Structures are given as C-alpha cells and as structure tokens.
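Shown next, in structure tokens, is the structure this report addresses.
The values are calculated or read from the model by the stated rules, or taken from the named source; none is laboratory data. Predicted, not measured: the structure shown is a model, and the values here were computed from it. Note that we place each Cβ from the backbone using ideal geometry, even for glycine, and neighbour counts take in every protein chain shown.
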Protein chains: 2
Amino acid sequence: MASSKQVFIAIIGAGGVGKCFLSQLETLAARRPSPKLTLIYISTSKKALYDANYAPIPFAGAIEELSRASQAPPALPQLAEYLAAVAPPAKVVLVDNTSSQDVADAYPVFLGKGISIVTPNKKAFSGSYKLWQDIFSAASTSGAKVYHESSVGAGLPVISTLKDLVDTGDRVTKIEGVFSGTMSFLFNSFAPTSGAGGKWSAEVAKAKELGYTEPDPRDDLNGLDVARKLTILARLAGLPVESPTSFPVQSLIPKELESCSSGDEFLQRLPGFDTQMEETKAAAEKQGKVVRFVGSIDVASKQVKVGLEQFDASHPIAALKGSDNIISFYTERYGSNPLIVQGAGAGGDVTAMGVTADLIKVLGQIA
Amino acid sequence: MASSKQVFIAIIGAGGVGKCFLSQLETLAARRPSPKLTLIYISTSKKALYDANYAPIPFAGAIEELSRASQAPPALPQLAEYLAAVAPPAKVVLVDNTSSQDVADAYPVFLGKGISIVTPNKKAFSGSYKLWQDIFSAASTSGAKVYHESSVGAGLPVISTLKDLVDTGDRVTKIEGVFSGTMSFLFNSFAPTSGAGGKWSAEVAKAKELGYTEPDPRDDLNGLDVARKLTILARLAGLPVESPTSFPVQSLIPKELESCSSGDEFLQRLPGFDTQMEETKAAAEKQGKVVRFVGSIDVASKQVKVGLEQFDASHPIAALKGSDNIISFYTERYGSNPLIVQGAGAGGDVTAMGVTADLIKVLGQIA
C-alpha cells in the first residue's frame, strides 16, 4: 500500500499543543512534497477520527471534523495493530500531544511494532525507570525512532543539545536552570533584581489570571513539573534516576493548604502565608541576592534537587525575564563557562515547534 | 564491497580541529558498533594517507602515520572519483576540517557524486552566493547530506536551531549576537560592565599572548570572520546575501596600520591609536552603556551589519563573560524575548564536537 516515499501520521491529542502542531504539519506537508505525509488517525480522549481503509484525513479542518465524530478511540493496543497494518510500520509516526500516563505506558507496544513516536509528553520519560528502559529497548530492537525535545523547555534545543554533548563524548558535570515558565514568571515578579516586587499571593493570583498556571496553581507550586524535567535530563546524562519523587523536591504549597478542596480556596487562603515567602526573600536580599526556583543535577555526586536557591543579581538565572526558561550545561569541554540555552519554555506554538522539528528529524531517517 | 551497515570516512585537515575530531571519531566508533565506520583517507595540504584498495586506516595513530606519509594528496576531482568508487557513494562521508576555499569550491563535485559532507569550514557557505546555490542544489539532486553546525559558534546549537525555526514555519525577524570569541574577550576586558578595563592595545596584545587571536590580530579585527558567519545565518534565514563584503562591516584596524608588513609591527604601533577606542568607550559610558562588537540581521528590512554598538549593562550581550559567544533569535513565535544560545564559540574540542554531532546526524540518515 505504501510507496517508499510516503509516511503515515497518527495524532493523539487535539488540545492547545495539538492544534498548533496540526497547523505546523499542514504547512510542512504543503512545503515538502517528499515524503508525502498522510494523516490516518486523530483522537482526543473521547473521540477518534479514522477509517478501516485508512482514508486520508485532510489536515485542514481535521480538528473540526474530529469534534463532530461519533467513534470512541480504540484501546491503545488495538490502535497499535491498526497503525502497524497500514504499511511497513517503519513508515508510521505516532504523534502524542497529550500529557497522558496511559498513552505513555503504551509506547513500548507501538515502538516494539516499529512505529516511531514524537511527543512533548513528559510522563513517558519521567515515570518509572523501568518504563524508560522499556521504551528505549523496544526502539532499539525494532529500529523505530523516539524523539521528545518538547518534554523539557518546549521548543528550546535542550534535549538535542544534551544528546549531542553525550553522544560526541563530552562529560556533562552539572546541569542547572529554571525549568518552569510559571515559576520563572512568579519569581521574576516577586523578587526582581531591581528590588521591590509584589506580594507572593498576589503574584500567584496574577499568574493564574494571565493563564500562566495550571487551573489549580498547586500543580505548579508542588515542584513536580520541574522534578519530571530534571528526571529526564538526569537520565540522559547517565544517572538512572528511579522516579521524579526519588530526590529532594521543595514544594511551595504551605502544609496547611495542601488539603484545600479547590484551587480557588487555595488562592483565597494563600495571603495568610505571605510572611514565609517574604522572609525567604529578605534573607536573600540580606546577602545581596535574589531567590529563584531552580533545578540542578550534579552528575559526579549523582545529586538531583529542585527548590529555592539564592543568586547574585548579575547571574544569568537571576537576570531572566518574563516566563523564560534558562538551562546551563556545565561540561568538561566547555569548562567554567557553561553552554546556555534560554527563551520561552512553554506555550502551544513553541511546544508544537519542538514536536514538528522532531518529526522532520524522524522523516529524514525513515523516509 | 560495502555492507549496508558500513560507512566510509575521508578526512581533509589534521590541524587543531582535525586532531580533536579524530579523537572523538575513535570514541564514537568504539561505542557504536553500527554502522561500522571505516577511515579510508586522511590528508593535510601536503600529504595524504590512502590506498588504492581502500585499506582501512586505524583511527589511533592516524595523524602520526600521516606525518610519516610520502604521498602528496590527489587533486580534489580525483579524490572525489576515488571515494565514489569504494562503495555506493551514499555510504561515504567527507569530513573537511580545513578552512580552505579550494576544498570548499569542490563541494558541489563531491555532493554531485552522492558523497555527504560535514564541516566547520565557513568558506563554503559564506563565499559567493553561486557557490551556496551549487552546494545545495548538488546535494538536493543526489540526496547527499551537507551539515556545517560548527561554521557558526563552533559546537553551539546555532545552525540547527535556526534551521528548526525556519523548517517548522516560524518567521525569524532578527538575529543578533557576539559571534567572535576574540572580539568577545577583547571587549569584555576593555569595557567590562563593572567599569575600568585595560588599554585597547594592551588587551589586543594580551589576547594574542593567550592564543585568542589569529597569528596576525588584524585577521580578527577586520571583522571578516564575523561577516562570514552573518552571511551564513542570513542565507539560512532566507536572505540571498551575495557575499560577506556586500554589507557594512566595521574594521577595527586603524587606516594607518592596514599596510603594516607584519602582525608584530601592527601590535607595536597600535598604542598610538588607543585614544580612538577610549573615545568610543567613553561615549558609551556617558549613556550608561558599554560598547560591544556585534553582528545583526534584520530580516524584514534585509539589513545585515557588523560593527560596534552600545548596550545597557543589564543586556545579555553586555553581560557576556570570557570569550563566549551569544546568539539571539527573535521570531514571531518567541515574541519579545528571544531564543538565546550562549557559550564557548571557538576551540578545537568544541568545534570538533559540532562536526562529530553532524556526522552522527548524517549516519542516522544514510546508514
């Protein structure tokens, strides 16, 4: 059924990133005649658009058509069977634009059948170490490709840079940075290098209003998102980190507010705890520093940690702006001055960009 | 002769970068059994090591064996014939670790035969626009790959990032940065953000002593090296720049010293011109700024320029350290805060790293 220059695409997830990706995919397909890209499957968690005979789904309007669809998505093992039967499975790419653990858990099944995967889904690479091993051993056995640039820093060249350092034989000694756009925004406003800054609870409320936090801001403040990203980078740097909860992660949720029944209740009660954060900020100022929420990996001592640290105002981490991420790679070759990557690390368009760039890399290898 | 999982490597250039690359290649070959990498040619401008029957050259000791060789290198068209005959040419990669215009001019011949190229050689991509077109049309016709990450910023992910931005459909509006390790070092010492700083001529002499300049420092101070890098990035961003001399480039060589017969004479007479640079520095300080030697590309207005500009002390370009490069990509998707890449942009090991990483990418596509 497939000519050697045709590649079949299946997409799971049609939210913010999914929509941006589909638009980039449409542009890509229009600009590059070869390989011919054919969309044969797209789904949300509730609905799926596909056809037993693999009728191509036009890129334009796919999301609208999906919203009108009446089919429920097949179980993931059935989806893998369906995709593997369209062509040599080596010519099929699954694009997972969800953050679903269930989909992530099924990666070894898809990869084992030779289906390549590109995804921003952090869960696949920051879950149990066993899942990580299963994913890469399935890919290595079948020859399928798996790329996940956008799982850390969205479209910023973070994963690819770390892989290049390791693959060319450099020794990464330390990775340090601000890995959360939400945390970046909060601390750049709460403790700017220029002094002053708003009240902590007010900054959190503002960040939520601007859409910079999860619906419940505690999902950002618990540090787990950063811990997941650190887990991925540590593993790529060679540390067999067991899970994102197997190293110290500082939560910024006051103990008393962990049990709030809603994000709204949490925000309402947060001002009562502003003093704690004020003290942390003042302690840093006393040293002529500012406080930031960072993650770091010390490869030699195998220490991974996430939490508040103090930085001189002239430090690149302190000088960050808006909701930017910054990631510094210290290596043997780069010496005392790290290789630094900086910029927006969240948002539909830049996240989708990482996914599309990964897809282009996979196409170069399988088409 | 070749199994499908064997790739043949030919190397031109065995200087600083060449030696580091060979060492990285040896490590790579030892770590990755597939594809099997076989070195069949290595040369300097004077000597070549190769054999009519393509006897493999062991990686270890190749440079020493080359130094004892008595053969002169073949003419480049003959080399292309020799390499194309070993195997399907699609399984041959030419690694050009020189900065030779002659070798660069021959790229279309190699690529036209299906031989892939990886190189840090700026001359190939910053010479005439016709050579640029010939290189990419030869590659596109034959399917051969051509990668040149290290032609700008050494191993920093500059070319790959720009390509990803463009290929995924982002619109690059402006590129700006410090593209020369030498210029970075000179201005970070001459006009540090902390104030003070040494005399211009003394900083140039110090940079030469530390090995940060070309043998004749005028080859850094004329701005041509930066102009070449800007030419490459502008072309990748879609501007058909004719040559590195087709846009304004500010030279820091005083007119009176252009005709000095040697770098030493130049350095001896340079102190007589310190006043000019002091005035430039003072003018910036009066505005509360520092002066830096930067290159910039304004894509919309098609303006490329290289020279001195003033920056606030808090600007990332002003805050650069040592001999680091910094490159900022302003794009539609990234908005007002650019995507920034920063770190060492020169040196044998990090330049070779870019070449080795490119080779790994090519192997993924041809093996």
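Structural remarks
- Residues that are more than 9 Å from chain B (Cβ to nearest Cβ) and out of contact with any strand residue (DSSP E or B) (no Cβ under 8 Å at 6 or more places or on another chain), drawn from the range A:321-345: none
- Near pairs, Cβ below 8 angstrom, 6+ apart or cross-chain, from the range B:196-219 (in the same structural domain as B:Leu186 (by the TED database)) to any residue that is exposed (fewer than 14 other Cβ atoms within 10 Å of the Cβ) and part of a loop (DSSP other than H, G, I, E, B): B:Asp216/B:Ser262; B:Arg218/B:Glu258
- Scan of the range B:175-219 for residues that are hydroxyl-bearing (Ser, Thr, Tyr) and surrounded by fewer than 17 Cβ atoms within 10 Å (Cβ to Cβ), ordered by number: B:Ser194
- Failed criterion for A:Ser314 (all others in (1) modelled with pLDDT of 95 or more; (2) surrounded by fewer than 17 Cβ atoms within 10 Å (Cβ to Cβ) hold): (1)
- Flag for A:Gly343 being surrounded by fewer than 19 Cβ atoms within 10 Å (Cβ to Cβ) and within 26 Å of A:Phe187 (Cα to Cα): no
- Those residues of the range B:160-193 which are within 13 Å of chain A (Cβ to nearest Cβ), under 17 Å from the mean Cα position of the chain (by Cα) and part of a helix (DSSP H, G or I), in sequence order: B:Ser160, B:Thr161, B:Leu162, B:Lys163, B:Gly181, B:Ser184
- Boolean, A:Phe266 is crowded, with 18+ Cβ neighbours inside 10 Å, of a type in the set (Phe, Trp, Tyr) and either touching a residue at least 60 places away in the same chain (Cβ under 8 Å) or over 18 Å from A:Glu176 (Cα atoms) (or both): yes
- Residue selected from the range B:78-120 under the condition of a type in the set (Ser, Thr, Tyr) and in a helix (DSSP H, G or I), by the criterion farthest from the chain's Cα centre (by Cα): B:Tyr82
- Within the range A:353-367, the set of residues being crowded, with 24+ Cβ neighbours inside 10 Å and at the interface with chain B (Cβ under 7 Å from one of its Cβ atoms) comprises A:Met353, A:Thr356, A:Ala357.
- Among the conditions (1) over 30 Å from B:Leu210 (Cα atoms); (2) crowded, with 23+ Cβ neighbours inside 10 Å, the only one that B:Ser142 does not satisfy is (2).
- The residues of the range B:29-51 that are in contact (Cβ under 8 Å) with a residue 60 or more places away in the chain and more than 16 Å from B:Val86 (Cβ to Cβ) amount to a single one, B:Ser34.
- Entirely in the range B:201-274, the helices (runs of 4 or more DSSP H) that have 1 or more residues that are closer than 30 Å to B:Asp134 by Cα: B:218-221, B:224-236
- Some residue of the range B:194-206 being within 14 Å of chain A (Cβ to nearest Cβ), touching a Lys or Arg at 6+ places or on another chain (Cβ under 7 Å) and either of a type outside the set (Val, Ile, Thr) or more than 30 Å from A:Ser34 (Cα to Cα) (or both): no
- Criterion violated by B:Arg292 - all others in (1) crowded, with 23+ Cβ neighbours inside 10 Å; (2) within 14 Å of another protein chain (Cβ to nearest Cβ) satisfied: (2)
- The criterion of being exposed (fewer than 15 other Cβ atoms within 10 Å of the Cβ) and either among the aromatic types (Phe, Trp, Tyr) or away from chain A (no Cβ under 13 Å) (or both) does not hold for B:Glu309.
- Taken over the range A:250-263, the criterion of being over 10 Å from A:Pro217 (Cβ atoms) and of a type outside the set (S, T, N, Q) is satisfied by A:Pro254, A:Lys255, A:Glu256, A:Leu257, A:Glu258, A:Cys260.
- All conditions in (1) over 20 Å from B:Ser150 (Cβ atoms); (2) out of contact with any Ser or Thr (no Cβ under 8 Å at 6 or more places or on another chain); (3) part of a strand (DSSP E or B) hold for B:Lys305, with the sole exception of (2).
- Residues of the range A:218-238 that turn out to be among the charged types (D, E, K, R) and within 22 Å of A:Cys260 (Cα to Cα), as a count: 4
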